[in-house]
Amino acid sequence: MTAVIRELREIRLPLVSPFQTSFGVQTSRRILLVRAEVDVDGVTTEGWGECVAGDEPTYSAEYVDGAALVMRTVLIPRLADVVDLTAADVATVLEPVRGHPMAKAALEMAVLDAELRSAGQSFAGLLGVTRDRIPSGVSVGIHESVAALERAVAGYLEDGYVRIKLKIEPGWDLEPVGAIRRLIGPGVPLQVDANTAYTRDDTEHLRRLDEFDLLLIEQPLPEDDLLGHAALARAATTPICLDESLVSLTSVSDAIEIGACEVANIKPGRVGGYLAAVAIHDLCRQRGVPVWCGGMLETGIGRAANAALAALDGFTMTGDISASRRFYARDIVTAPIDVVDGHVAVPVGPGFGFELDLAFLDEVTTARIEV
Ligand code: SMG
Ligand code: MG
């Protein structure tokens, strides 16, 4: 069996409403997709991967144009040199290239999807998960007013989401979080995400979030400030969760060891792929650190993959895997991810378990490179 990367495709999808975080506001997404093919005894099967890099390097250093360039000029040529390439080889082959985890993850994902489809196996089957659905949480952006935020959260609760995450930043924290806790009552799980917007000087201020009975505070400090997170974890009663800081197995292990990571947000794109994400899950489970699956505004491709990953036993907390329509009026897959009774079904079809809506995919394609 051998796998090859055949195509890079860029699509553009408008968001149903603006999504504002501490690093900016998004109204649409450019999304880079990868198509791979595997050949087994003369039978060709294709698979797709989704790159979670954003339009601009604001969440992390990666961004769509950079990811496309590094794939085309550096990563894909290295993969093309390998005889009998399999998904399990991709990370090792690309390891000498520094950084670019989201680009690497998308390539591995496309190969893995093709490989699994060719074998008639699902990703959930490969992982050996037993859950057939996972609880669904929603991430709610910064709004222009507390009243607007309250309306948005009320709508999401009506949609059935079982956990709310609020984006916060200096000037948008205690007041909106307090208002939402009052709105939803003590029983609904609530957490916040600062996307690195605070500094160590904000420790006393962040401790005031303790009164709102939050599940966790996600990535309050800069991604390289592990000691700051450890100090904050000692000062606050609300558990500290890391997102941006966790870029590899070693970084996760170290963060746990120094007390900087009481909960881990696992995002396959941020750590270089789904296989690395599984290894990080295993490590966290061993160390007794609860994990949940983050989201990067994925289409039905990444959303399906995340739903299977999040069915692993160590994912004991609700993740940011919402319905496709939370972000997109129309998804590029034929069966958009849906939330039923507050849960998302674990896909059981071959590969990552999605089927592309090829006509719509072509409609939203803005660039295409055959490799
Ligand atoms: O996909 O539901 C989603 C988005 C969840 O808030 C979310 N993601 O830092 O966790 C995070 C953000 C990053 C997204 S902006 C690129
Ligand atoms: Mg986050």
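Every number here is computed from the coordinates shown, using simple stated rules; none is lab data. Please read these numbers as outputs of a predicted model, since none were measured by experiment. So basically every Cβ, Gly included, is an ideal-geometry build from the backbone, and we count neighbours across all protein chains shown.
Mind checking which strands (runs of 3 or more DSSP E) fall wholly inside segment 1-103 and carry at least 2 residues that are over 15 Å from ASP113 (Cβ atoms)?
Ranges flagged: 2-21, 24-40.
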Exercise for the section: Spot the failing condition for ARG303; the list is (1) outside any loop (DSSP other than H, G, I, E, B); (2) within 16 Å of ligand 2 (Cβ to nearest atom), and only one is missed. Expected result: (2)
Practice task
Being out of contact with any His (no Cβ under 7 Å at 6 or more places or on another chain), surrounded by 20 or more Cβ atoms within 10 Å (Cβ to Cβ), over 9 Å from ALA311 (Cα atoms) and not β-branched (Val, Ile, Thr) is the filter here, so list the residues in segment 114-140 that pass it.
Solution key: ALA114, GLU115, LEU116, ARG117, SER118, SER122, PHE123, GLY137, SER139
Practice task
Among the numbered conditions (1) free of Cβ contacts under 8 Å to residues at least 60 places away in the same chain; (2) on the phi < 0 side of the Ramachandran plot, tell me where ALA114 comes up short.
Solution key: (1)
Exercise for the section: Restricting attention to helices (runs of 4 or more DSSP H) lying wholly within segment 215-271, give those where 3 or more residues are in contact with a Pro (Cβ under 7 Å, 6 or more places away or on another chain) and either within 16 Å of ligand 1 (Cβ to nearest atom) or not basic (Lys, Arg) (or both). Expected result: 268-271
Handout entry: Filter result (more than 21 Å from ILE332 (Cβ to Cβ) and either hydroxyl-bearing (Ser, Thr, Tyr) or within 16 Å of ligand 2 (Cβ to nearest atom) (or both)) within segment 63-83
Key = THR73
Practice task
Scan segment 175-212 for residues that are over 23 Å from TYR59 (Cβ atoms) and not in a helix (DSSP H, G or I) and jot them down.
Solution key: GLY185, PRO186, GLY187, VAL188, PRO189
